[in-house]
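Student: First, the structure itself, so that you have it in front of you.
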Amino acid sequence: MSDKVKIHILDSTLRDGSHALAHQFTAEQVTNVVKALDDAGVEIIEVSHGDGLGGSTVTYGFSKQSELELLKAASSVIKKAKLAVLLLPGIGTKDDLKMAADFGAKVAQIATHVTEADISEQHVGVAKKMGMEVISMLMMSHMGSPEKIAEQGKLVESYGSDVVLVTDSAGALMPHSAKERIAALRAAVKIDIGFHGHNNLSLAVANSVAAIEEGARWLDACTCGLGAGSGNTPTEVIAAVLDKLGYETGIDLWKIMDVAEEIVQPIMPKPVRIGKVSLTMGYAGIYSSFLLHADRAAEKFGVDARDILVELGKLKLVGGQEDQIVEVALALAEKKKQVPGRENLQT
Amino acid sequence: MEKVKAAIIGSGNIGTDLLYKLKRSNILEPTIMAGIIPESEGLARARKEGLVTTHEGIEGLLQLADQFDIAFEATTARAHMENAPLLKKANKIAIDLTPAAVGPYVIPLVNLNEHLGEPNVNLVSCGGQATVPFVHAMREVAPVEYAEIVATIASKSAGPGTRQNIDEFTDTTARGLEKIGGAKHGKAIIVLNPAEPPILMRNTIYGIVEETDPEKLLRSIERMLTRIKEYVPGYRLRAKPLIEDVPDGKKKVTLFVEVEGAGDYLPKYAGNLDMMTSAAVKVGDEIGKHLLAGTWKKKDNVEARA
């Protein structure tokens with residue numbers, strides 16, 4: 001046994017990465033990626049719609065293939081790794097979790113907005129009862145003070161969660177503000193702590209390292225950095241960095257690099273990069289999953305995606321409110337046409 | 001004119017808001033409020049409005065059985081499960097605002113007439129009350145393949161009951177979209193937003209409908225809007241309905257809705273709760289009209305559901 005500190009890596013290429021492909025993964029792609037990640041020694045592999053189980057909708061975009069088919073494909077080839085799913089209470093339900101457990105999911109990530117963890121009590125309970133490992137994600141963590149995060153961490157601990165994740169959904173945290181949140185949790189809870197980063201400000205790896213230095217032991221990452229907004233912490237990069245820093249992840253560095261280059265990159269419709277819109281998300285603190293929705297609405301209604309984001313920020317939108325993007329774009333387009341006021345049906 | 005006497009069970013936020021709405025009804029007259037906390041603000045307000053009050057819950061209420069015909073249940077699902085058989089035995093009509101769903105789901109503008117004579121009706125969910133009427137409006141023009149709604153409510157307006165069982169909202173509302181709205185498949189999403197000052201309730205309603213004349217859809221939607229505004233004045237469309245062509249010759253309808261509460265007792269931002277109390281009074285008024293006209297036929301609940 002090595003005496004190195006173990007860092008648990010959850011690869012979310014087939015979940016958060018799904019945002020970058022507008023949820024168009026096929027069972028064949030899932031099979032290939034899972035097989036390769038498993039072989040590279042990744043501890044946990046997540047497969048779900050980008051917005052979690054039950055996320056295949058008009059609002060968030062329909063999946064090409066059902067979650068059931070994708071989970072089936074994943075569990076048919078997975079050997080050493082644990083299969084994980086994501087659930088956002090309010091979008092998916094306990095029944096979705098049960099379906100996932102039936103298809104071999106061993107880990108459940110249950111995500112709520114950073115102030116709303118109390119809507120997840122039943123879901124955590126059901127997952128635990130089915131013998132799943134539960135990771136509670138506090139999304140949009142930049143919107144919650146360290147004190148708030150400590151309070152919410154205690155809540156999910158009381159529900160039975162095994163891990164609580166500071167989840168930087170907007171890629172808006174800085175290394176010091178990520179650290180403050182991890183430190184607040186460490187003082188408040190006994191369960192493990194982790195970090196989920198987005199790269200909108202090019203800080204996903206730096207923030208993950210800062211979190212580890214502060215005591216986090218779990219990290220979410222995506223191969224090739226695939227993911228919402230400017231993408232997530234790249235699995236192959238964080239594996240190399242943690243190795244250099246003397247931590248143990250169980251990941252074979254050469255193999256994960258090969259997976260990135262040979263398996264995942266060819267699937268990607270375009271490289272994940274920090275573009276002007278996703279950079280604005282990190283700068284203004286906007287939910288990364290809004291990226292493609294804002295891009296599409298901008299094109300459709302002839303407005304600047306950044307102007308949409310600014311409006312979304314003013315409305316203090318949280319994760320899940322993708323439906324508001326088209327409305328905001330419509331309103332901006334109306335304004336552009338210089339029609340006085342909004343056109344309402346009623347008089 | 002003679003009015004139908006109504007009791008309110010529950011002296012919390014919902015019960016108190018109901019009190020003020022019922023005071024304005026031309027059909028119903030609130031006569032009793034039953035609570036369980038003697039010093040509750042709701043009971044004090046009810047007394048001030050001239051109602052008889054009891055703090056002995058359902059037992060206290062049933063001692064006053066000659067003073068009401070309809071009871072509005074504004075407590076909890078658990079309480080209503082216990083109260084429902086007692087109310088039925090006392091020959092009272094229950095309008096249930098809790099998720100207990102002892103009786104059939106009712107959306108006043110859509111399916112109330114199917115349930116005439118029911119001793120107990122349930123109001124689905126706030127999201128259901130706010131969105132099902134428009135799925136029905138689409139269904140009146142063309143078959144609805146799929147209906148989906150996103151309800152966003154202020155975090156502050158979601159009580160502990162909703163928070164502890166958020167799936168109840170999604171499941172019940174989705175069933176409402178299908179069984180009452182008439183969509184082949186329904187999906188409901190709820191988002192809690194903690195922004196300060198609290199946001200007004202918003203609902204986005206999507207319908208995928210068979211090929212049809214967009215003008216017909218628009219007119220049906222407008223008619224429904226006019227009717228819903230009669231009992232929820234703060235119900236608004238934030239933009240013109242969006243009707244787009246989608247593959248297979250179908251149409252995609254998108255409605256952006258905002259619901260501002262009347263502010264009777266509940267804060268105005270809690271449009272979701274106002275939607276429930278407004279729908280409850282609307283259902284009560286309709287039942288009351290039938291009672292006054294002698295057209296209310298009682299039928300056994302079990303039979304009705306068979």
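The values are calculated or read from the model by the stated rules, or taken from the named source; none is laboratory data. A quick note: this is a predicted structure, and the numbers were derived from the prediction, not measured. In this analysis, Cβ positions are derived from the backbone assuming ideal geometry, glycine residues included, and neighbour counts consider all displayed protein chains.
Student: Looking only at the range A:67-77, filter to residues that are free of Cβ contacts under 8 Å to residues at least 60 places away in the same chain and within 21 Å of A:ASP220 (Cα to Cα); which one of those is nearest to the other protein chains (Cβ to nearest Cβ)?
Tutor: So the residue we want is A:GLU67.
Student: Return only the number of the condition from (1) in contact with a strand residue (DSSP E or B) (Cβ under 7 Å, 6 or more places away or on another chain); (2) touching a residue at least 40 places away in the same chain (Cβ under 8 Å) that B:LYS21 does not satisfy.
Tutor: Going through (1) in contact with a strand residue (DSSP E or B) (Cβ under 7 Å, 6 or more places away or on another chain); (2) touching a residue at least 40 places away in the same chain (Cβ under 8 Å) one by one, B:LYS21 breaks only (1).
Student: Tally up the residues in the range B:216-264 that are farther than 16 Å from B:ALA142 by Cα, touching a Pro at 6+ places or on another chain (Cβ under 7 Å) and within 12 Å of chain A (Cβ to nearest Cβ), please.
Tutor: Total satisfying the criteria: 2.
Student: When the residues of the range A:78-105 are filtered to those that are part of a loop (DSSP other than H, G, I, E, B) and over 16 Å from A:GLU67 (Cβ atoms), which remaining residue is nearest to the other protein chains (Cβ to nearest Cβ)?
Tutor: Taking the candidates together, the pick is A:GLY90.
Student: Failed condition for B:GLU286, given (1) charged (D, E, K, R); (2) within 10 Å of chain A (Cβ to nearest Cβ); (3) outside any loop (DSSP other than H, G, I, E, B), with all others met?
Tutor: Only one criterion is unmet by B:GLU286, namely (2).
Student: Would you check if B:PRO85 is in the same structural domain as B:VAL246 (by TED's automatic domain parsing) and in a helix (DSSP H, G or I)?
Tutor: Taking the combined requirement at face value, the residue does not satisfy it.
Student: Return the pair list, or none, for Cβ contacts closer than 9 Å from residues in the range B:177-193 that are away from chain A (no Cβ under 12 Å) to residues that are among the aromatic types (Phe, Trp, Tyr) and surrounded by 24 or more Cβ atoms within 10 Å (Cβ to Cβ), at least 6 apart or on different chains.
Tutor: These pairs meet every condition: B:GLY181/B:PHE134.
Student: Would you be able to say whether some residue in the range B:121-140 is surrounded by fewer than 18 Cβ atoms within 10 Å (Cβ to Cβ) and either of a type outside the set (Lys, Arg) or in contact (Cβ under 8 Å) with a residue 60 or more places away in the chain (or both)?
Tutor: Yes - at least one qualifying residue is present in the range B:121-140.
Student: Based on this model, can you work out whether A:ALA73 counts as closer than 29 Å to A:GLY171 by Cβ and over 17 Å from the mean Cα position of the chain (by Cα)?
Tutor: It is false that A:ALA73 is closer than 29 Å to A:GLY171 by Cβ and over 17 Å from the mean Cα position of the chain (by Cα).
Student: For A:TYR283, indicate whether it is buried (at least 16 other Cβ atoms within 10 Å of the Cβ), over 21 Å from the mean Cα position of the chain (by Cα) and either more than 19 Å from A:SER12 (Cβ to Cβ) or not basic (Lys, Arg) (or both).
Tutor: no
Student: List the number of the failed condition for A:GLY54; all other conditions in (1) within 14 Å of chain B (Cβ to nearest Cβ); (2) at negative phi hold.
Tutor: All conditions pass for A:GLY54, except number (2).
Student: Kindly indicate whether any position in the range A:164-174 is buried (at least 24 other Cβ atoms within 10 Å of the Cβ), assigned by TED's automatic domain parsing to the domain that holds A:ILE45 and in a helix (DSSP H, G or I).
Tutor: no
Student: If I ask for residues that are outside any loop (DSSP other than H, G, I, E, B) and small (Gly, Ala, Ser), which ones from the range A:18-76 would you list?
Tutor: Within the range A:18-76, A:SER18, A:ALA20, A:ALA27, A:ALA36, A:GLY61, A:ALA73, A:ALA74, A:SER75, A:SER76 qualify.
Student: Tell me the residue from B:ALA94, B:ALA151 that is among the small types (Gly, Ala, Ser), assigned to a strand (DSSP E or B), within 14 Å of chain A (Cβ to nearest Cβ) and in contact with a helix residue (DSSP H, G or I) (Cβ under 7 Å, 6 or more places away or on another chain), please.
Tutor: Result: B:ALA151 is the single residue among B:ALA94, B:ALA151 that is among the small types (Gly, Ala, Ser), assigned to a strand (DSSP E or B), within 14 Å of chain A (Cβ to nearest Cβ) and in contact with a helix residue (DSSP H, G or I) (Cβ under 7 Å, 6 or more places away or on another chain).
Student: Next question. Which residue out of A:ALA188, A:ALA178 is among the aliphatic types (A, V, I, L, M) and out of contact with any Gly (no Cβ under 7 Å at 6 or more places or on another chain)?
Tutor: Matching residue, one of A:ALA188, A:ALA178: A:ALA178.
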